[in-house]
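Colleague: After the structure tokens below, expect a handful of questions from me.
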Amino acid sequence: MQIRAIAYVTAVLGAAALNTQASTLFSELDLNNDGYISEVEAGVNSILSAAFEELDVNEDAKLSKEEFAAFKGE
């Protein structure tokens, strides 16, 4: 029982850490603080820039936090 609880807590903390890292990266890339990452802003990260069109699912030439959440950085 304790092993399950430890595994659950570890998974929750790991997910929270990844969410925090993604949120921090989003904020760093959102240079004008408008709540979106434009294609120009994404250009500072070559991997994000290459994935930009695929991530921009609504094709509005900017990434929302929800769209950016799909970015794996690979």
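Colleague: Considering segment 48-62 alone, what residues qualify as being assigned to a loop (DSSP other than H, G, I, E, B), open to solvent by 60 Å² or more (accessible area, probe 1.4 Å) and closer than 17 Å to K72 by Cα?
Modeller: Passing the criteria: only V57.
Colleague: Kindly check whether there is at least one residue in segment 34-47 that is open to solvent by 100 Å² or more (accessible area, probe 1.4 Å), modelled with pLDDT of 95 or more and over 12 Å from the mean Cα position of the chain (by Cα).
Modeller: yes
The values are calculated or read from the model by the stated rules, or taken from the named source; none is laboratory data. Remember, it's a predicted structure, so these values are computed and weren't measured experimentally. The protein model used for the area step is the full one, side chains on, heavy atoms only, and it has no ligands, DNA or RNA in it. Shrake-Rupley method; radii C 1.70, N 1.55, O 1.52, S 1.80 Å.
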